[in-house]
Amino acid sequence: MSEWFIYRGTGDPDPERIDRRPAPPPWRDFGAPPIGYRVPEADSATTRRLGTRAVPLAVPGSEALRLINAALYLRRPLLITGEPGSGKSTLAHDLAFELGLGRVLQWPVVSRSELRDGLYSYDAIGRLQDAQLARLEGGEDGQGGPDGGPHPAGDIGRYLRLGPLGTALLAAERPRVLLIDELDKSDIDLPNDLLNVLEEGEFTLPELERVADRPGQQTVQVLTDDGLRAPVTGGRVRCRAFPVVVMTSNRERDFPAPLLRRCIHLDLAAPRDERLAAMVQAHFGAGSYDEYIGLVDRFVRTEADGGVRPTDQLLNAIYLVQHTAGRHPADQDAVADLLMRPLDNGPR
Ligand SMILES: Nc1ncnc2c1ncn2[C@@H]1O[C@H](COP(=O)(O)OP(=O)(O)O)[C@@H](O)[C@H]1O
Ligand SMILES: [Mg+2]
């Protein structure tokens, strides 16, 4: 395996490797001062997807590893395309797990998604209601809290919540992993809007910029996507280390050329052989691949007719056979056929 690799896809967590990267290229050096934000540990979203990780995942020396590592060195987003079920979203979790980067920030994109949803939300109505309540209770605006202290409505940070992208751009010590999932589902503007933020590594919250010159409002504690609070100074969020951004696409549509130019593009093939074996064993234990090789063969063979079959179907079939039909061998074939149907001939 190449020495320069930071991410090796071995499944072995090695949190120190990321610090061995050379300094970023000058045009990707953001370097905001650290804000002392404590990143939470990986959560169940990661463990559910990765299983137990007993075996190496990526095939060493593969083109995929080179591209992923190029993105890590260049501090560029990764754009991963591939058929459903090829392991695109899970790759973000694998990166976070192996590099010890904590909880994965996830932004599932839908057709209505706008840049602002990823950056932050401001609950102006909630704040107004709280302020009215404070007045009813006899305090001035911003006063009259339950214990006679300042009323919560005076604390604007309680009503501002950074989204997954906004949280990824906080100046934590180490880079965060941000999964922008199924970007091809977005409307036409989102990829371009996203591009600007990812180029600049920063954004502003006008609600905070406006009040930054008021006493005590220069630095405000806002909520984050992790459910914690983080300081924002002068209404501006700027990253320190550029986050590990993984954007995925099922290729439902093409992306604008400027976006492609600024990303590292990886086309992830459907997992076969070692990679498929690693996935099966991660979820069902060592030896399970050989034990269920009949189902695996069936899964791979049915692809010959050109249909798309996500790995999830094989995992579902193995689970069912293991827990039910396994006791009735005659049922195995029937279950396999039921579950492993091509996506493109199925219900729309
Ligand atoms: N590195 C991995 N280790 C274990 N299981 C994996 C891995 N990558 C993918 N899988 C499994 O394969 C299935 C499909 O992966 P997913 O990331 O959802 O694909 P995609 O995002 O390309 O549609 C999931 O059930 C996931 O648990
Ligand atoms: Mg996915």
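Each value in this text was obtained by applying a stated rule to the coordinates, not by laboratory testing. From a predicted model like this one, the values you see are computed outputs, not experimental measurements. Note: ideal-geometry Cβ built from the backbone for every residue, glycine included; neighbour counts use all protein chains shown.
If you take the charge dipole of the chain about its Cα centre, with +1 on Lys and Arg Cβ and -1 on Asp and Glu Cβ, which of 126, 317, 265 is farthest toward its positive end?
With unit charges placed on the Cβ atoms, the residue in question is 265.
Using only the alpha carbon atoms of the chain, find the Kirkwood hydrodynamic radius as the inverse mean reciprocal pair distance, in angstroms to one decimal.
22.4 Å
Taking the chain as a Gaussian network, Cα atoms linked when under 10 Å apart, which of 294, 234, 82 shows the biggest mean-square fluctuation?
294
Can you pull out the GluC sites (Glu not before Pro) in the range 1-104 whose DSSP state is coil and whose Cβ has at most 11 other Cβ atoms within 10 Å?
Counting only loop positions with at most 11 other Cβ atoms within 10 Å, the GluC sites (Glu not before Pro) in the range 1-104 are 3, 16, 41.
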